[in-house]
Amino acid sequence: KAGVTQTPRYLIKTRGQQVTLSCSPISGHRSVSWYQQTPGQGLQFLFEYFSETQRNKGNFPGRFSGRQFSNSRSEMNVSTLELGDSALYLCASSIGTTGNTIYFGEGSWLTVV
Amino acid sequence: QKEVEQNSGPLSVPEGAIASLNCTYSDRVSQSFFWYRQYSGKSPELIMSIYSNGDKEDGRFTAQLNKASQYVSLLIRDSQPSDSATYLCAVTDKLIFGTGTRLQVFP
């Protein structure tokens, strides 16, 4: 079956703009989590959604937000982009229960100039 | 103290040797532990999970968990150059990842 699909794969934005990233989980998976990965900070948890509800949130400013739709697809939005937001944004899905295996998409590479 | 700690490496081992990757975690009640491999420029891919104390083997990989010491490790036997990657330890109860250990296997 199809894996986790993220779009777009690559994008370049200007400081101050906003960006929306999309994630389609594996069929049947109801939990979607988002991560930011940078060389200096590693993989950092942004938030997790389950059945359209945010279940957990990492330590990121309010400029980072997300949502999940009834079909489990998820989007994350970053407003007022800063240079430091340049990173690989990874989406992962799991069946739902905490502790289940999470599977990653290929990621969205965001460059802020 | 970070919630999940790994030595960043690089850990360099010769082809055919055993590579030993280590991870410690701070939350004593954690129950679910995963190892992921990430090649440069790619997303993490699952190697294996472990939930109970002791060893769990899958092919050339063995995960070891010691909850009393809050320690998880991954052994890679007969290391191959294709194993060269960054290995991420994850405590999935809280979706926390270590910063990863870079492994280099040289011929």
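Since every read-out is calculated from the coordinates, none of them should be taken as a lab result. In this text, all values refer to a predicted model and were calculated from it rather than measured experimentally. Methodologically, a virtual Cβ is constructed for each residue, glycine included, from the backbone with ideal geometry; neighbour enumeration extends over all protein chains shown.
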**OP:** Give a residue-ordered list of calculated ³J(HN,Hα) values for the stretch B:21-29 (Karplus: 6.51 cos²θ - 1.76 cosθ + 1.60, θ = phi - 60°; whole Hz; x for Gly, Pro).
**Re:** 10, 10, 8, 10, 10, 9, 8, 4, 8
**OP:** With θ set to phi - 60°, apply the Karplus curve 6.51 cos²θ - 1.76 cosθ + 1.60 along the stretch A:56-72 and write out the HN-Hα couplings as whole Hz, x wherever there is a Gly or Pro.
**Re:** 9, 9, x, 8, 10, x, x, 5, 9, 9, x, 7, 10, 9, 5, 8, 6
**OP:** Find how many whole Å separate the alpha carbon centroid of the stretch B:25-73 from the alpha carbon centroid of the stretch A:1-71.
**Re:** 24 Å
**OP:** Which order do the peptides B:88-98, A:8-18 take when ranked by the mean count of other beta-carbon atoms within 10 Å per residue, highest first?
**Re:** B:88-98, A:8-18
Original post:
Structure shown: which of B:42/B:67; A:13/B:42; A:57/B:56 lie over 27 Å apart, alpha-carbon to alpha-carbon?
Top reply: B:42/B:67; A:57/B:56
Subject >> Phi-based couplings in Hz for the stretch B:31-44 (Karplus 6.51, -1.76, 1.60; Gly and Pro marked x) >> reply: 10, 10, 10, 10, 10, 10, 10, 10, 7, 4, x, 10, 8, x
Subject >> Shielding by partners - mean other protein chain Cβ count within 10 Å, residues of B:36-47 >> reply: 4
**OP:** Compute the relative contact order of chain B as a whole-number percentage, counting only Cα pairs closer than 8 Å that sit 6 or more residues apart in sequence.
**Re:** 38 percent
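Please compute the average number of Cβ atoms from other chains found within 10 Å of each residue's Cβ in peptide A:32-39. Spell out each step's value before the answer.
Values: counts 0, 2, 1, 4, 0, 7, 0, 1.
Across the residues of A:32-39, the mean count of other-chain Cβ atoms within 10 Å is 2.
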Subject >> Local net charge near residue B:107, Cβ-Cβ under 13 Å (Lys/Arg +1, Asp/Glu -1) >> reply: -2
